[in-house]
Amino acid sequence: MIINLAMKSHLSPKIPFLVVTATCLFAITSFASDKPRQAPPAKPANQYAAFDAHPNEKITVAAEPCDDPRDCDFFRLPYIQHGFIPIRVIFTNDSDTALTLDEARMQFISINNDKIPAATDDDIQRRLFSTKGAAGKKYPLPLPLPPITVHDKPVDKKISADEEDFGFKSTTVNAHSTLAGYLFYDIRQLNDHPLRGAELYIKMVNTLPDKDGNKKQLFDFNIPFDKWLAAKPAAAASQTQ
């Protein structure tokens, strides 16, 4: 595309060369600004400030919030400024059996026991871009089938790109491995210190089915964010004021 613009500058003498050059530079800058981005490599879960370890099951899960945009500036969009808190969830499986997150539920539980599920792409789209089309229209089907949702507007590419780059790459946590991904929680309606006294509650994590189809559900995980706040003196001080 940039080469074509340069060629047109020779074919269209009425277009100033400076304008064409500026256009090319803008295209290059825009492309470079959306180059592949990377979050810090995931560490074993027990190396984070807030984690819950199950020694008997040999599974540890950690939660690492980001409440300051400067600490997660790799995101393409300003989620924090729009009332979402990104939380990186890290699963470390030291057992000999793989796990599946296909049925897992990961809820943000506030100090007042508000249960907040992870936001969907549509939730984020509605908040950041204020579009009614993101919610889609529901069309009823004969009972007992649920209604289907038809979306008028696709989810913004930057939301999809962030999910691709920073979300969970798989729902399987292989044996002796670590899997991590970011989830976003809508905390706009909570108080000024949403992490204080809150926790990440994770349930319905299962082992992969064996050859006979049997699977085992792990005990629930409770990860208090006060541990994370305590490990960050500046953040903890602001939360207690």
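The values are calculated or read from the model by the stated rules, or taken from the named source; none is laboratory data. Treat the numbers as computed from the prediction; the structure is a model and nothing was measured. Here the Cβ positions follow ideal geometry from the backbone for every residue, glycine too, while neighbour counts run over all protein chains shown. Keep in mind that these areas ignore ligands, DNA and RNA; they rest on the heavy atoms of the full protein, side chains included. Shrake-Rupley method; radii C 1.70, N 1.55, O 1.52, S 1.80 Å.
Limited to the stretch 134-175, what total is found for residues that are part of a loop (DSSP other than H, G, I, E, B), small (Gly, Ala, Ser) and modelled with pLDDT under 65? Break it down stepwise before answering.
Our first condition is that a residue be part of a loop (DSSP other than H, G, I, E, B); within the stretch 134-175, this holds for 135-136, 140-147, 151-156, 167-171, 174-175.
Then keep just the ones that are small (Gly, Ala, Ser); that gives 135-136, 167, 170, 175.
Imposing the further condition that a residue be modelled with pLDDT under 65 reduces the set to 135-136.
Going through the stretch 134-175 one residue at a time, the tally reaches 2.
Cβ separations smaller than 9 Å between residues 6+ apart or across chains give the following pairs from the stretch 179-207 residues that are within 17 Å of ALA45 (Cα to Cα) and among the acidic types (Asp, Glu) to residues that are open to solvent by less than 30 Å² (accessible area, probe 1.4 Å) and part of a loop (DSSP other than H, G, I, E, B): GLU199/ALA50; GLU199/SER110.
Tell me yes or no: at least one residue of the stretch 183-195 is open to solvent by 30 Å² or more (accessible area, probe 1.4 Å) and modelled with pLDDT of 95 or more. Give the steps one after another, and end with the answer.
So the first thing to find is which residues in the stretch 183-195 are open to solvent by 30 Å² or more (accessible area, probe 1.4 Å), and the list is 183, 186, 188-193.
Remaining after also requiring modelled with pLDDT of 95 or more: 183, 186.
Looking through the stretch 183-195, at least one residue is open to solvent by 30 Å² or more (accessible area, probe 1.4 Å) and modelled with pLDDT of 95 or more.
Exactly one residue among LYS215, LYS227 is modelled with pLDDT under 95 and either open to solvent by 70 Å² or more (accessible area, probe 1.4 Å) or closer than 29 Å to THR100 by Cα (or both), and that residue is LYS215.
Would you be able to say whether some residue in the stretch 37-57 is of a type in the set (Asp, Glu), out of contact with any Leu (no Cβ under 8 Å at 6 or more places or on another chain) and open to solvent by 50 Å² or more (accessible area, probe 1.4 Å)? Give the derivation first.
Initial filter on the stretch 37-57 (of a type in the set (Asp, Glu)): 52, 57.
Filter again for out of contact with any Leu (no Cβ under 8 Å at 6 or more places or on another chain), leaving 52.
Then drop every residue that is not open to solvent by 50 Å² or more (accessible area, probe 1.4 Å), which leaves none.
No, the stretch 37-57 contains no residue that is of a type in the set (Asp, Glu), out of contact with any Leu (no Cβ under 8 Å at 6 or more places or on another chain) and open to solvent by 50 Å² or more (accessible area, probe 1.4 Å).
Please go through the stretch 159-175 and give me each residue that is of a type in the set (Gly, Ala, Ser) and open to solvent by 50 Å² or more (accessible area, probe 1.4 Å), ordered by number. Listed by number, the list holds a single entry, SER160.
Of LEU200, LEU179, all but one fail to be part of a strand (DSSP E or B), touching a helix residue (DSSP H, G or I) at 6+ places or on another chain (Cβ under 9 Å) and either at pLDDT 95 or above or charged (D, E, K, R) (or both); the exception is LEU200.
When ILE90 is tested against the conditions (1) of a type in the set (Val, Ile, Thr); (2) touching a Phe, Trp or Tyr at 6+ places or on another chain (Cβ under 9 Å); (3) open to solvent by 30 Å² or more (accessible area, probe 1.4 Å), the lone failure is (3). So THR60 passes all but one of these: (1) among the polar types (S, T, N, Q); (2) surrounded by 16 or more Cβ atoms within 10 Å (Cβ to Cβ); (3) outside any strand (DSSP E or B). Which condition number does it fail? Status for THR60: all satisfied but (3).
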